[in-house]
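The values are calculated or read from the model by the stated rules, or taken from the named source; none is laboratory data. Remember, predicted model here, so these are calculated numbers, not experimental data. Because the Cβ atoms are built from the backbone with ideal geometry, glycine has one as well, and the counts that use them run over all protein chains shown.
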Amino acid sequence: MRIATKRLTISTAMMIVLSTSVTARAFVDTPVGGHPGELDVNAQLTLERGKYEPNGNQASFQSPPPWQEYKLGVGYTWGNFGPFKFFSTRLDAVYFRTGAERNDPSVWQVQPEGSSTATQLVPECSGGAEYLGNGECEFYASDSGAVTTATVSGALIHTADFALGLYLRSSIPIGVNLRKFANPRVDYVSGGLQAGTHMTNWFDFETTLFFGSGTFSKDKNATAAVSIFGHFKANKWLLPWKAGFKFGPYIEGDMTERFDARFDNAYSPQALPQPGDTELTRQNDRIRSARFALGLLPYFLVTDHLAVELGYIQKMFGYDVPATQAYFVGLRGLINVDR
């Protein structure tokens, strides 16, 4: 029996809830690891795909070059600590590369800064964006960097059929352009809880609640999210290994909002100056994400100490999201350091 912390890095707020779970053996979430004295090591590749939606104007919806995240993480389960059982600590490091964000001039033409006049407002490449010519604007250049995350977790309740755990984490960005829209999410402080119930020997139920602070600034919004998964298990599934998969809905919504002049000047509705106005006025559209998605997360238990983890996340509806699809594959291994 145990409670441990797991991180499946996916992106933005949605991915954080799916990737941070506090689990018990009664509803095994990570296939290996979690007993006191055990080291849990995993490596993972995440592929963010689909569209990103920086503005309410559908002409802003773009399919930028696919972006990747490469993660390496290690955790250790210490045992009982104060009111917590199976107290765990974990450190994760994610390196990412994201492409440039540009308008599609065949769909929406953007003109250089200063194109607007007192009698006509046109979509402009301004607010810090770079005009590339022929109606094309680069809002943000390609970016790469890293995010390190430290997590502590433990179980408040842990029985054979039910577990309730808490987790707390902090992330530090390294070389990350926090203003860029389609970049990995960063929360300086985040946390939440997970509860799970063992139903039968082939099915468990679990839910995770997440709260993230963002960056306490105009760069990244604070958010809340919840995932509700059924966990199906089998001794063999397609391959001669023990296996399982989780399936269920994910809901995420920003609790704060921010604005971005680069996207506003290019895509937001504009109004001509009224008599007596001395300068042009443009509308500001908030960025405040809401996302409703389905997740499918299978795994294969190759040995009692090694697991293959897979995942697919698909946004069903929502708005202001930095990616609509995510795929990931990873390996997770267990090392008993007390032996």
Query - Among the residues listed as THR30, THR46, THR5, THR23, the single one being at pLDDT 90 or above, closer than 20 Å to PHE300 by Cα, of a type in the set (Val, Ile, Thr) and surrounded by 20 or more Cβ atoms within 10 Å (Cβ to Cβ) - result: THR46
Report summary line: Listed by first then second residue, the pairs whose first member lies in region 139-154 and is charged (D, E, K, R), whose partner is assigned to a strand (DSSP E or B), with beta carbons under 7 Å and at least 6 positions apart or on separate chains, are ASP143/THR98
Report task. Could you check how many residues of region 198-222 are surrounded by 18 or more Cβ atoms within 10 Å (Cβ to Cβ) and more than 15 Å from the chain's Cα centre (by Cα)? Result -> 3
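From the set of residues in region 235-271 that are under 30 Å from ASN221 (Cα atoms) and among the polar types (S, T, N, Q), which is modelled with the highest pLDDT? Walk me through how you get there before you give the answer.
Applying the first criterion (under 30 Å from ASN221 (Cα atoms)) to region 235-271 yields 246-271.
Next, only the ones that are among the polar types (S, T, N, Q) stay: 256, 265, 268, 270.
Numbers: THR256: 96, ASN265: 93, SER268: 91, GLN270: 74.
Only one residue tops the list, namely THR256.
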Query raised in the report: Any chance region 230-241 includes a residue that's in contact (Cβ under 8 Å) with a residue 40 or more places away in the chain, touching a Ser or Thr at 6+ places or on another chain (Cβ under 9 Å), assigned to a loop (DSSP other than H, G, I, E, B) and under 23 Å from GLY56 (Cα atoms)?
Result: no
